[in-house]
Amino acid sequence: SAVISQKPSRDICQRGTSLTIQCQVDSQVTMMFWYRQQPGQSLTLIATANQGSEATYESGFVIDKFPISRPNLTFSTLTVSNMSPEDSSIYLCSVSTLGTGTYEQYFGPGTRLTVT
Amino acid sequence: ELKVEQNPLFLSMQEGKNYTIYCNYSTTSDRLYWYRQDPGKSLESLFVLLSNGAVKQEGRLMASLDTKARLSTLHITAAVHDLSATYFCAVDNDSNYQLIWGAGTKLIIKP
């Protein structure tokens, strides 16, 4: 397993501004994922972030809006740019160690974002 | 299209009762995952099922996998209030390491 921390845990931001969310893992991991979860909804994958390569974005998400960095095997950031109230959500990072022969993911505590 | 369907999506039950949550999937990976999410919290891994006929149990929860039917069940025995949460099933996508998520089942257990 892996222990994951996220910063900030929550924030209230004004529309038009940007927020960078940090995800720190206590061990080196290959795969990191960024999700968005609306209240009462399932998880929506934003992008997959692998160290040493560009993030791979899912349909409906673009790099200009959600730039991602992955400078090493224990850290990643997600920026939510030019925010609007529609970006209000919980943002979760997760990691997959792959070493156990499964794609089991471990999740950070999440960042609750409110855009006013 | 890869799909994971859970039912029911909402379940309210009395303590002491038994119930089952169903998870149907359409992928060919046959590796299935169950997670729990408490209100306002993140997701916690409960079970990883890797082969046909796999059964795992933890306390009052038991998960099983039938890969031929592409069906997993999460059975709750003698429910207690502490099991109130949202339960998600997911299957993996062999080609890109991603998980395909069900919609979640919100479980409320009343004293």
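Quick look at the numbers
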{"item": "Heavy-atom accessible area per residue - chain A, 1.4 Å, Å²", "result": "47"}
{"item": "Rounded to whole Å, sorted largest first: equivalent-ellipsoid semi-axes of the stretch A:39-116, Cα gyration tensor", "result": "23, 16, 11"}
{"item": "Separation of the A:Leu98 and B:Glu5 label points, Cα + 7 Å toward Cβ, nm", "result": "3.3"}
{"item": "Convex hull (Cα only) mean projected area of the protein assembly as shown, reported in nm² to one decimal", "result": "12.4"}
{"item": "R0 of 22 Å, Cβ-Cβ distance B:Ser26-B:Met62: FRET efficiency to nearest 0.05", "result": "0.40"}
{"item": "Sites B:Tyr19 and A:Thr44, calculated FRET efficiency, Cβ-Cβ separation with R0 35 Å, nearest 0.05", "result": "0.80"}
{"item": "Cross-link reach list, aspartates and glutamates versus B:Lys56, counting only Cα pairs under 13 Å and skipping chain neighbours closer than eight places", "result": "B:Asp66"}
{"item": "Solvent-accessible area lost in complex, 40 Å² minimum, residues of the stretch A:69-116 relative to chain alone, 1.4 Å", "result": "A:Thr102, A:Tyr103, A:Glu104, A:Gln105, A:Phe107"}
{"item": "Residue pairs, from the table A:Lys65/B:Lys68; A:Lys65/B:Lys110; B:Lys41/B:Lys110; B:Lys3/B:Lys106, whose Cα atoms sit over 31 Å apart", "result": "A:Lys65/B:Lys68; A:Lys65/B:Lys110"}
{"item": "Computed log₁₀ I(q)/I(0) - Debye formula, equal Cα scatterers, no solvent, chain B, q 0.11, 0.23 Å⁻¹", "result": "-0.32, -1.30"}
{"item": "Protein accessible area in the protein assembly as shown, 1.4 Å probe - carbon and sulfur %", "result": "48"}
{"item": "The stretch A:16-108, relative contact order [Cα under 8 Å, separation at least 6], %", "result": "36"}
{"item": "Pairwise burial B:A, computed as accessible area of each alone minus the pair, summed, 1.4 Å, Å²", "result": "1600"}
{"item": "Interface residues, the stretch B:39-72 - accessible area loss of 40 Å² or more versus chain alone, probe 1.4 Å", "result": "B:Ser42, B:Leu43"}
{"item": "Taking chain B and dividing mean pair separation by its residue count, relative contact order in percent (alpha carbons under 8 Å, at least six apart)", "result": "36"}
{"item": "Selected from A:Thr102, A:Thr20, A:Thr30 as most flexible by GNM, with chain A as the system and alpha-carbon contacts under 10 Å", "result": "A:Thr102"}
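The values are calculated or read from the model by the stated rules, or taken from the named source; none is laboratory data. Predicted, not measured: the structure shown is a model, and the values here were computed from it. With ideal geometry, Cβ positions are generated from the backbone for all residues, glycine too; neighbour counts draw on all protein chains shown. The area values use the complete protein model at the heavy-atom level, side chains included, leaving out ligands, DNA and RNA. Shrake-Rupley method; radii C 1.70, N 1.55, O 1.52, S 1.80 Å.
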